[in-house]
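Let me begin by presenting the structure, written as structure tokens, before commenting on it.
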Amino acid sequence: MRLYLDTLRCATGLAFRKLTSPGSVQGSIIQGFKRPTLELRNGGRIVLGKRSQSRAGLTLIADGGTIEVGMHCQFNTNVSVTAVERVKIGEGCSFANNVVVVDHDHAFGEDSLFDASEVSIGDDVWVGANAVILKGVRVADHCVIAAGAVVTNDVQPEYSIWGGCPARMISMRPDAYE
């Protein structure tokens with residue numbers, strides 16, 4: 001069942017533009033210029049921390065999986081997060097334009113439609129424009145992912161800067177040594 005709504009406010013005060021049910025949403029208000037699109041399918045779940053902000057085009061799709069967003073996160077224009085298993089985003093993270101985070105690939109020639117593995121993004125992570133974070137990736141706290149990076153492996157250690165396709169460690173943040 002798909003619901004198209006201009007505005008819907010649930011008991012938690014969350015405002016969003018589109019809801020596909022069944023599923024559950026928990027959270028606080030996402031401040032922004034336009035309401036985000038939340039799609040819940042197959043019992044998907046979205047949990048939002050307090051005081052997050054978004055610009056136009058934020059799309060969160062929980063297709064049987066769970067998306068958890070920590071407090072004080074910022075999502076610029078056209079950020080897309082999709083979970084068939086689990087995507088966890090820590091507190092104080094910033095996402096630039098056109099970032100994509102997915103926890104799955106299509107499983108061609110297999111019984112299952114998707115090959116999924118949890119994505120975990122630590123606290124205070126900055127993700128540059130047009131970056132892609134793929135299934136199974138764990139990003140340590142305080143890391144930076146450069147614009148256009150395609151992240152296929154874990155991003156370690158804390159305070160590291162990663163870029164390229166596939167992404168590799170470039171350097172460390174200057175504040176890593178403070």
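The values are calculated or read from the model by the stated rules, or taken from the named source; none is laboratory data. As the structure is a prediction and not an experimental result, all values here were calculated from the model. Reconstructed Cβ throughout: ideal geometry from the backbone, glycine too, with neighbour counts over all protein chains shown.
Taking GLY32, is it modelled with pLDDT of 90 or more, more than 19 Å from SER120 (Cα to Cα) and surrounded by fewer than 21 Cβ atoms within 10 Å (Cβ to Cβ)? Steps first, answer last, please.
Numbers: modelled with pLDDT of 90 or more: no; more than 19 Å from SER120 (Cα to Cα): yes; surrounded by fewer than 21 Cβ atoms within 10 Å (Cβ to Cβ): yes.
Answer is no for this residue.
The one condition from (1) surrounded by 21 or more Cβ atoms within 10 Å (Cβ to Cβ); (2) in contact with a Gly (Cβ under 6 Å, 6 or more places away or on another chain); (3) in contact (Cβ under 8 Å) with a residue 24 or more places away in the chain that VAL127 does not meet is (2).
Scoring VAL87 on the criteria (1) within 28 Å of ARG41 (Cβ to Cβ); (2) touching a helix residue (DSSP H, G or I) at 6+ places or on another chain (Cβ under 8 Å); (3) not aromatic (Phe, Trp, Tyr) leaves a single failure, condition (2). So for segment 92-111 (the condition being under 18 Å from VAL144 (Cα atoms) and surrounded by fewer than 17 Cβ atoms within 10 Å (Cβ to Cβ)), does at least one residue qualify? Yes, the conditions are met somewhere in segment 92-111. Looking only at strands (runs of 3 or more DSSP E) that lie completely in segment 116-178, which have at least 1 residues being in contact with a Lys or Arg (Cβ under 9 Å, 6 or more places away or on another chain), closer than 19 Å to ILE89 by Cβ and of a type outside the set (Ser, Thr, Tyr)? Here the list reads 119-121, 160-163. Of all residues in segment 49-58, exactly one satisfies the criterion of being farther than 14 Å from GLU91 by Cα and either modelled with pLDDT of 95 or more or charged (D, E, K, R) (or both), namely ARG55.
If you take the residues in segment 82-95 that are farther than 15 Å from VAL139 by Cα and part of a strand (DSSP E or B), which one is nearest to the chain's Cα centre (by Cα)?
The qualifying residue nearest to the chain's Cα centre (by Cα) is THR82.
Candidates LEU38, LEU19: the one that is at pLDDT below 60 and out of contact with any Gly (no Cβ under 6 Å at 6 or more places or on another chain) is LEU19. Checked against (1) within 26 Å of GLY49 (Cα to Cα); (2) over 10 Å from the mean Cα position of the chain (by Cα), ASP111 passes all but condition (1). Just one of the listed residues (VAL79, VAL139, VAL144, VAL87) is buried (at least 20 other Cβ atoms within 10 Å of the Cβ) and in contact with a Leu (Cβ under 8 Å, 6 or more places away or on another chain), and it is VAL79.
Condition check: under 12 Å from the mean Cα position of the chain (by Cα) and modelled with pLDDT of 95 or more. Does GLU118 satisfy that? Taking the combined requirement at face value, the residue satisfies it. From the list ALA107, ALA140, the lone residue that is without any contact (Cβ under 8 Å) to a residue 12 or more places away in the chain and either closer than 16 Å to PRO36 by Cβ or among the small types (Gly, Ala, Ser) (or both) is ALA107.
Among residues of segment 147-163 being small (Gly, Ala, Ser) and crowded, with 19+ Cβ neighbours inside 10 Å, the one that is nearest to the chain's Cα centre (by Cα) is ALA149. Taking the conditions (1) in contact with a strand residue (DSSP E or B) (Cβ under 6 Å, 6 or more places away or on another chain); (2) more than 23 Å from ASN76 (Cα to Cα); (3) modelled with pLDDT of 95 or more in turn, ILE145 satisfies each one other than (2).
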